[in-house]
Amino acid sequence: MREHVKYMLRELYTKIQKKKEEGDGLLKKMLLSFSSNPGSQQRAIEGEQLHNTAAQFYNIGNFEKAFELYTSAIEKYPNAGSYYSRGVTAMDLNDYERAIADFTSTIQFDKNYTNAYHNRALCFLELLDSYDLMNETDCQDLIDFARNDLKIAISLGHSGAKRFLDMSYE
C-alpha cells in the first residue's frame, strides 16, 4: 500500500507541475469559451444555486450529496469557490487524491486562494505521514512541495499554516 500511495502522490505532483507549465493560457481559453457561449449567464446562476445547495448538505454532514452537488455546480460554472468547496468535502470523505486535484484547480483559478495552498499541503502531508513516508529519501521532493505550499499560504496571510510547517520538520 505504501508503494501505491507513493506512486499516487508522485503522479499528482507531476500533474501539478504540468499544470504550472501550461500556465494560465489553458484556463483563460476555457473561460473565454465559456463566457462567449450563449446561455453562460444562466449557467453561472444555476451553478451558484447548486453550490449553495451543496453547502447546505455539507453543513448538515451529508458529504456525499454535497460532493455530488459541487460536481454539478462545477459542470455548470467552473470557479475557484466550487472547486475549493468540493476539495474540502473530498477531505472530509478522506479522498485526498481528489482533494489535491480540486485544490490545484482552485489555485489555477485564483493564485491567491490561501486556504487552497494550505489544504493541498495538508493532504500531501497527511498521506505521507499516514503511510510512514516522511523519512523516505525518494519522497523528499513531495515533502518539500507540501512545505512550499505552506510557505505560500503563510505569505498570503494564513494564520495556522506556520504551525503545520513547523510540525512537518519534526
**Message:** Can you give the local net charge around residue 75? Use residues other than it whose beta-carbon is closer than 12 angstrom to its beta-carbon, Lys and Arg +1, Asp and Glu -1.
**Reply:** +1
**Complete:** GNM on the chain, Cα springs under 10 Å; top mean-square fluctuation among 84, 131, 13 goes to 131
**Request:** Beta carbons within 10 angstrom, averaged per residue: use that to sort the peptides 147-154, 105-112, highest first.
**Result:** 147-154, 105-112
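Given 37 °C and 0.692 mPa s, compute D for the stretch 2-168 with the Stokes-Einstein relation, Rh being the Kirkwood radius over Cα pairs; round to the nearest whole µm²/s. Before the final figure, lay out the partial values.
Values: Rh = 16.6 Å.
It comes out at roughly 197 µm²/s.
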**Complete:** Computed over the chain: longest principal axis from alpha-carbon atoms vs helix 96-109 long axis, angle to nearest 10 degrees, is 60 degrees
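Bear in mind that the values in this text are calculations on the coordinates, not laboratory data. As the structure is a prediction and not an experimental result, all values here were calculated from the model. Neighbour counts are summed over all protein chains in view; Cβ atoms, including those assigned to glycine, are modelled from backbone coordinates with ideal geometry.
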